[in-house]
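Colleague: Structure incoming, see below.
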Amino acid sequence: MNEISQKIFLYNTLTRRKEEFIPNHPPHVGMYVCGPTVYGDAHLGHARPAVTFDVIYRYLKYCGYKVRYVRNITDVGHLENDADEGEDKIQRKARLEQLEPMEIVQRYTNSYHRNMDQLNVLRPDIEPRATGHIIEQLELVKKILKNGFAYESEGSVYFDVENYNRKYPYGILSGRRLDELQAFSRELEGISEKRSPYDFALWKKAQPTHIMRWPSPWSDGFPGWHLECSAMGARYLGETFDIHGGGMDLIFPHHEAEIAQSVAANGKQPVRYWLHNNMVTINGQKMGKSLGNFITLDEIFSGNHPKLEKAYSPMNIRFFILQAHYRSTLDFSNEALQAAEKGYKRLMEAWNTLQTLTPTDESTYDANHLRNACFEAMNDDFNTPVVIAHLFEAVKTINNAKAGTEKLDATQLQILKDTFSTFLFNILGLVDEKAGDNSRLTEELIRLLIDIRLEARARKDWATSDRIRDQLKELGIQLKDGKDGTEWSYL
């Protein structure tokens, strides 16, 4: 779409209600999503936020917004209890495998990227690492200290939650009140340097055996886990940006701490819309590394896990994730994956059938109704399961048209093709795996032709440019030129 024509309503975790999405500086949108901590292979719990925010990214861009999508890599400071104590998870993995921490980071970053490519998750526009932004994090700590909302203790710096709460409400995202935290807090071993057990680390003094360390005004140490996202979000999207996303397990303490840090430093809310996907569960329990009940994506794709009856393809997993609304829990089971596999294949078969249909002189079907219904679902808090349900309804029409009991004239047939192409491939991000393992190669070849065409246009070689465009159109591929480059879609 060339202009913004859709009113999108999303559920804002901060206000606990659906709100119309109105970015700070339309059509520009800043979106930050908490990425993985890279100390192990990606699992199904990592796939859900990646796919969720990939669809949101795709849809906002399709609607005409110019999105800057930032998704970070956590490569330092993520301690064993996800707060202030224990060994850094990446350093621990490096010590066990007798490798440099950055070797661990690079290995699992590469593995994560490979899995996301398999799931057809688009790369973010910027993918910053915490270790590459130590200076920004140090400056943020200095601002918080200067404003009186942090204190130094034995070489570490802690955020003063109680003092912050006197001026700003703490717990606005999670709904947790400070008096409740005080009532249920207990003295824990190793936190004597804190004024209160619910204060959290902005900077940690490194022990002599700690490998990952940087100089600071307070000690040789490393940043707290919560600090990185506040610093990098402000660095690339400004002190207040539009969307911040992540899993619901990050609401407290991570995102709550992000809000407190940013408000303490800048005196204003850092994010206008907080979006959180729900958890992937297995037997009703959250799937995750810390619980030891996770299944890696490589295991799912190969079928090499005792809980799996068979291997499941990347598109099977993507479709499984999209069948549930992103704010609903998603329970893993072989039965659920096999049902998703059947549903995915049914849609792809309908798409292939659609390419074989011949238009009739008249039509008994209004394809605009399908198109409008799909947009309404996406505009209602990105409701992908309702979109899929509408597409399934259209499958009946496609099969009836093949059997000759439904009529589709040229106009309605083209609208139906455009709608399926737009929502199946461009927005939901599915790929027709039946086309073979060469589907990604096909996409890369199309991008190569687009690049050659752009070079031709730069040379004012309009004949070559038009020839590439026209021949791709004959093959069922449409190019759309815009200010941000050339996009393509199936006709």
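Colleague: What residue among H244, G224, N283 has its Cα farthest toward the positive end of the dipole of the chain, where the charges are +1 on Lys, Arg and -1 on Asp, Glu, each on the Cβ?
Modeller: In the chain, that residue is H244.
Colleague: Which residues in the range 208-234 have a backbone N closer than 12 Å to a point placed 7 Å from the Cα of E139 along the Cα-to-Cβ line?
Modeller: Only 231-232, 234 pass the distance filter.
Colleague: Could you give the length gained on full extension between Q106 and F9, defined as 0.36 nm per residue of separation minus the Cα-Cα distance, in nm?
Modeller: 31.1 nm
Colleague: Tell me, what does the Kirkwood hydrodynamic radius of the range 126-179 come to in angstroms if you use every pair of distinct C-alpha atoms?
Modeller: One decimal place: 13.0 Å for the Kirkwood radius.
Colleague: Okay, next question. Cut-off under 14 Å on the C-alpha distance; same-chain residues fewer than 8 positions from K194 excluded. Which aspartates and glutamates are left, in chain and number order?
Modeller: Straight-line reach from K194, under 14 Å: D84, E85, E152, E154, D160, E162.
Colleague: Kindly provide the helix-only [θ] at 222 nm of the chain, computed as the sum of -39,500 (n - 2.57) over DSSP H runs of four or more divided by all residues, to the nearest 500 deg cm²/dmol?
Modeller: Rounded to the nearest 500, the figure is -13500 deg cm²/dmol.
Colleague: Taking loop as defined by DSSP and a crowding limit of 16 other beta carbons within 10 Å, which GluC sites (Glu not before Pro) in the range 1-102 fit?
Modeller: Here the GluC sites (Glu not before Pro) that fit, given the DSSP loop and packing criteria, are E3, E80, E85, E87.
Colleague: Taking the DSSP beta bridges in the chain as the whole, what percent of them are antiparallel, to the nearest 5? Working shown, then result.
Modeller: Numbers: 26 of 49 bridges.
If we restrict to bridges inside the chain, about 55 percent are antiparallel.
Colleague: Any chance you could get the radius of gyration and Dmax over the Cα atoms of the range 64-104, in Å?
Modeller: 14.9, 49
Colleague: Just check the range 9-277 against the gyration tensor rule for me: Cα atoms, a ≥ b ≥ c as the square roots of the eigenvalues, rounded for a/c under 1.5, and otherwise prolate or oblate depending on whether a/b exceeds b/c.
Modeller: It is oblate, given that a/c is not under 1.5 and a/b is not larger than b/c.
Colleague: Hey, with R₀ at 35 Å, roughly what FRET efficiency would S302 and A403 work out to, going by the Cβ-Cβ distance, to 0.05?
Modeller: 0.35
Colleague: Structure shown: which of K7/K142; K66/K402; K345/K480 lie over 32 Å apart, alpha-carbon to alpha-carbon?
Modeller: K7/K142; K66/K402
The numbers here are math on the coordinates, done by the rules we state, and not lab data. Note that the coordinates shown come from a computational prediction; the quantities given were computed from them, not determined experimentally. So basically every Cβ, Gly included, is an ideal-geometry build from the backbone, and we count neighbours across all protein chains shown.
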